[in-house]
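Visitor: One structure is given below, represented as structure tokens, and several questions about it will come after.
The values are calculated or read from the model by the stated rules, or taken from the named source; none is laboratory data. All values derive from a computational prediction rather than experimental measurement. So basically every Cβ, Gly included, is an ideal-geometry build from the backbone, and we count neighbours across all protein chains shown. We work out accessible area using only protein heavy atoms, side chains counted, and drop any ligands, DNA or RNA first. Shrake-Rupley method; radii C 1.70, N 1.55, O 1.52, S 1.80 Å.
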Amino acid sequence: MHHKRLSKTRDGRAPGGWGLRFLAAALVAALLATAASAVHARDTDPDRCTRCHDETEDYPVLPVYKTAHAAVADERTRFGDAGCTSCHGDSADHLEDDEFYPEVTFTGDRTPVAKQNEACLDCHKGDSHVVHWQGSDHDFAELSCASCHDIHTGHDDVLFTDTQPQVCTDCHKQQEHELRRPSRHPVPDGLMACSDCHEPHGATGSGLLKEPNINETCYSCHAEKRGPFLWEHMPAREDCTSCHQVHGSIHRGLLEVRGPQLCQQCHLDEVFGDHASRMYDRDQLGTSFAAGRNCLNCHSQVHGSNHPQGYNFRR
Ligand code: HEC
Ligand code: HEC
Ligand code: HEC
Ligand code: HEC
Ligand code: HEC
Ligand code: HEC
Ligand code: HEC
Ligand code: HEC
Ligand code: HEC
Ligand code: HEC
């Protein structure tokens, strides 16, 4: 499993660096041991943590003060009472002995994902966004909340339209590739986020979609395609993705395949059978398509029609 930030911090850290860091921290600890008794700081005072975990850390610890979680005036954060332990849990032994930190939550891969997420869900399980987390695709894949959320920063990338896609496509390479195609939803342009269509915390339907199914998700922006239509085209009513490739396509209009082939996936018999023999012969159809024409030249209302004579979507 790819843990976005941990892998960055840890891969860049030479194994030999660990011993040095312990030594340095131990030195700091020894120096501060005397100061601590004078200050009488509470165990939960964030100062007790930040005197070691300060701005000299590779990892940006202090920016957590710029976040909603450190808002002391907001009682729900518990930061005023519990400080850093509101997330990191009981750290008493760690404060006694800085080498003893496996008890602390969020020590990278040493803290099991379930324990990490429990710490977040302790406060967030009731949030409307997060209620479907248990059993969701991402829960099932054992993602930690922190694999998407940057907690120790004033700018949590995943919460912003322009920076979010990068977070998601760190893992979802296939979609990154699709969204680079010439016809696409404007996600790489910073105008749309994955979460405009997806609910990453879990959803009632499949595919982690924001709405119960694919078409409802599309209608939330393309309302005119919902109808109601006097004449419905069955695939449009049932599944927009029977013709469209949602993330991106090499064919204009986000189409799955181009031109007549799109329609012929389902309508081959009519075109080269009944339809063709009545209206045009095979050669005529062939010529008009070769000239770049399309079924749409005549059947322009493929999403549905409200014209009294619109039964074959020509008006
Ligand atoms: C006396 C210095 C000291 C104090 C005080 C201290 N720590 Fe640590 N902490 C360390 C050292 C040393 C490590 C070992 C790992 C490292 O940072 O490289 C560590 C490790 C950690 C880790 C795991 C880091 C990792 O790389 O996985 C977390 C999380 C942590 N401390 C949180 C806290 C919290 C929360 C507090 C306050 C309740 C606190 N620490 C107080 C020195 C300290
Ligand atoms: C809202 C929850 C939350 C609060 C509050 C919080 N942290 Fe963290 N902290 C985290 C999470 C989550 C991680 C792990 C990030 C990751 O896995 O990328 C972390 C990681 C760390 C690490 C380990 C960094 C590393 O090298 O891997 C240290 C040290 C740390 N926090 C110290 C602190 C200190 C000190 C405070 C208080 C000033 C604090 N944290 C407050 C959630 C929190
Ligand atoms: C002690 C309770 C508590 C814990 C533990 C906690 N949170 Fe929060 N979190 C809050 C509160 C309160 C807010 C502010 C909500 C608001 O303003 O409506 C918040 C806000 C957030 C936000 C929105 C931030 C923003 O800028 O709008 C995210 C994302 C979030 N939390 C994720 C997490 C994750 C991930 C964890 C675990 C690493 C976590 N929280 C742990 C209480 C908590
Ligand atoms: C796969 C990536 C991903 C994971 C994993 C994830 N989140 Fe989020 N989270 C997001 C995105 C994207 C948003 C912003 C859009 C949204 O609200 O759906 C968000 C928003 C939030 C918010 C703020 C909602 C608001 O009011 O704006 C909270 C709180 C939150 N997440 C908590 C959590 C918790 C707790 C977990 C772990 C149980 C978690 N998230 C796991 C991607 C993720
Ligand atoms: C315009 C809406 C929309 C946007 C924007 C969007 N998706 Fe999707 N995505 C969908 C639909 C619809 C499906 C199909 C769901 C199904 O088949 O149940 C899907 C499917 C997926 C799947 C499942 C695999 C597959 O292809 O069936 C993944 C993973 C995914 N999207 C990730 C992303 C990521 C990551 C982003 C942003 C970089 C993103 N999506 C942006 C609508 C969207
Ligand atoms: C740390 C890696 C990771 C990150 C980051 C991540 N995902 Fe996922 N995602 C997964 C895994 C693993 C699965 C389940 C296996 C699969 O279907 O690929 C999954 C499943 C999904 C699915 C359902 C796929 C299906 O087959 O139905 C969608 C949709 C999705 N992710 C969207 C997102 C979006 C949107 C974001 C960013 C907000 C995101 N993911 C961030 C790893 C990740
Ligand atoms: C969050 C809003 C939103 C959602 C949800 C959404 N779209 Fe879009 N769609 C857009 C935007 C914005 C554009 C770009 C319009 C433009 O460029 O003028 C677009 C463009 C399109 C286009 C035309 C592309 C072109 O090149 O002409 C198609 C086809 C399309 N969407 C299909 C879908 C389908 C199918 C779904 C459901 C899976 C869907 N959309 C969901 C916002 C959305
Ligand atoms: C039978 C195939 C088919 C189905 C099913 C279908 N479309 Fe289309 N759609 C097309 C074709 C063909 C175009 C024209 C593309 C072009 O040449 O630019 C188009 C164009 C679009 C456009 C851009 C131009 C416009 O008319 O606004 C949007 C948006 C769109 N479709 C959304 C949807 C949505 C939403 C659904 C599901 C309700 C859907 N489509 C289902 C074939 C289909
Ligand atoms: C995924 C399969 C599928 C695709 C792709 C598809 N259709 Fe259809 N189409 C249907 C079905 C199913 C019906 C309903 C057939 C019926 O009622 O006998 C239908 C009905 C029609 C009708 C009305 C037929 C009648 O007897 O009244 C026309 C015209 C039509 N489609 C044109 C098109 C065109 C043009 C395209 C390409 C843009 C297209 N279709 C793509 C499945 C499809
Ligand atoms: C030059 C205009 C034109 C073109 C191009 C065209 N059609 Fe038609 N199509 C018609 C007309 C007119 C009818 C109505 C025939 C009737 O009502 O008797 C029709 C009828 C249909 C029907 C209804 C069933 C039937 O056989 O009567 C289907 C399905 C259909 N067309 C599919 C297609 C497909 C798929 C293509 C592209 C491969 C296509 N058409 C290209 C004019 C056209």
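Visitor: Filter segment 249-269 down to the residues that are open to solvent by less than 50 Å² (accessible area, probe 1.4 Å) and on the phi < 0 side of the Ramachandran plot and list them by number.
Guide: Scanning segment 249-269 gives S249, H251, L255, V257, P260, L262, C263, Q264.
Visitor: Across segment 142-159, what is the number of residues that are more than 9 Å from ligand 4 (Cβ to nearest atom) and not β-branched (V, I, T)? First the steps, then the outcome.
Guide: Taking segment 142-159 as the starting set, the residues that turn out to be more than 9 Å from ligand 4 (Cβ to nearest atom) are 142, 150-155, 157.
Restricting the remaining residues to those that are not β-branched (V, I, T) gives 142, 150, 152, 154-155, 157.
Result for segment 142-159: 6.
Visitor: For E178, all conditions in the list (1) acidic (D, E); (2) under 15 Å from the mean Cα position of the chain (by Cα); (3) open to solvent by less than 50 Å² (accessible area, probe 1.4 Å) hold save one; what is the number of the exception?
Guide: (2)
Visitor: When the residues of segment 194-208 are narrowed to those that are over 11 Å from the mean Cα position of the chain (by Cα) and within 16 Å of ligand 8 (Cβ to nearest atom), which ends up modelled with the highest pLDDT? Write out each step before concluding.
Guide: Step one: of segment 194-208, the residues over 11 Å from the mean Cα position of the chain (by Cα) are 203-207.
From what's left, within 16 Å of ligand 8 (Cβ to nearest atom): 205, 207.
Details: G205: 90, G207: 96.
Ranking the candidates gives G207 first.
Visitor: Restricting attention to segment 162-171, does a residue exist that is open to solvent by 50 Å² or more (accessible area, probe 1.4 Å), more than 29 Å from Y65 (Cβ to Cβ) and away from ligand 1 (no atom under 16 Å from the Cβ)?
Guide: First, pick out the residues of segment 162-171 that are open to solvent by 50 Å² or more (accessible area, probe 1.4 Å): 162, 166, 171.
After this cut, where a residue has to be more than 29 Å from Y65 (Cβ to Cβ) as well, the list is 171.
Those still in the list that are away from ligand 1 (no atom under 16 Å from the Cβ) too: 171.
Scanning segment 162-171, I find at least one residue that is open to solvent by 50 Å² or more (accessible area, probe 1.4 Å), more than 29 Å from Y65 (Cβ to Cβ) and away from ligand 1 (no atom under 16 Å from the Cβ), so the answer is yes.
Visitor: While we're looking at this one, here's another question. Only one residue in T161, T105 is over 30 Å from P46 (Cβ atoms), part of a loop (DSSP other than H, G, I, E, B) and of a type in the set (S, T, N, Q). Which one?
Guide: Working: T105 fails: over 30 Å from P46 (Cβ atoms).
None of the others qualify; the one that does is T161.
Visitor: Here is a further query. Since S195 meets every condition but one in (1) in a loop (DSSP other than H, G, I, E, B); (2) under 30 Å from L121 (Cα atoms); (3) open to solvent by 30 Å² or more (accessible area, probe 1.4 Å); (4) within 12 Å of ligand 5 (Cβ to nearest atom), which condition does it not meet?
Guide: Going through (1) in a loop (DSSP other than H, G, I, E, B); (2) under 30 Å from L121 (Cα atoms); (3) open to solvent by 30 Å² or more (accessible area, probe 1.4 Å); (4) within 12 Å of ligand 5 (Cβ to nearest atom) one by one, S195 breaks only (1).
Visitor: What are the residue pairs meeting all of these: first residue in segment 58-79, first residue of a type in the set (S, T, N, Q), second residue in a loop (DSSP other than H, G, I, E, B) and exposed (fewer than 15 other Cβ atoms within 10 Å of the Cβ), Cβ atoms under 7 Å, and 6 or more apart or on different chains?
Guide: T67/G154; T77/A71
Visitor: So, in segment 86-103, exactly how many residues are within 24 Å of E75 (Cβ to Cβ) and surrounded by fewer than 15 Cβ atoms within 10 Å (Cβ to Cβ)?
Guide: Going through segment 86-103 one residue at a time, the tally reaches 2.
Visitor: Related question: Of everything in segment 76-116 that's over 20 Å from Y65 (Cβ atoms) and basic (K, R), which residue is farthest from ligand 1 (Cβ to nearest atom)?
Guide: Of everything passing the filter in segment 76-116, K115 is farthest from ligand 1 (Cβ to nearest atom).
Visitor: Which residue pairs have Cβ atoms under 7 Å apart, sit 6 or more places apart or on different chains, and have a first residue in segment 129-151 that is among the charged types (D, E, K, R) and a second that is open to solvent by less than 40 Å² (accessible area, probe 1.4 Å)?
Guide: Correct list of pairs: D137/L208; D139/W133; D139/G202; E142/V113; D150/D156.
Visitor: A further question follows. Filter segment 104-138 down to the residues that are at pLDDT below 90 and open to solvent by less than 40 Å² (accessible area, probe 1.4 Å) and list them by number.
Guide: Within segment 104-138, G108 is the sole residue that qualifies.
Visitor: Taking the condition acidic (D, E) and either assigned by TED's automatic domain parsing to the domain that holds C87 or not in a helix (DSSP H, G or I) (or both), does E142 pass? Give the derivation first.
Guide: Working: acidic (D, E): yes; either assigned by TED's automatic domain parsing to the domain that holds C87 or not in a helix (DSSP H, G or I) (or both): yes.
It is true that E142 is acidic (D, E) and either assigned by TED's automatic domain parsing to the domain that holds C87 or not in a helix (DSSP H, G or I) (or both).
Visitor: Hey, another quick one. Any idea which of (1) in contact (Cβ under 8 Å) with a residue 40 or more places away in the chain; (2) more than 30 Å from T50 (Cα to Cα); (3) among the hydrophobic types (A, V, I, L, M, F, W, C) is the one A193 doesn't satisfy?
Guide: Failed condition: (1).
Visitor: Read through the list (1) surrounded by fewer than 18 Cβ atoms within 10 Å (Cβ to Cβ); (2) in contact (Cβ under 8 Å) with a residue 12 or more places away in the chain, then give the number of the only condition that V187 fails.
Guide: The number of the failed condition is (1).
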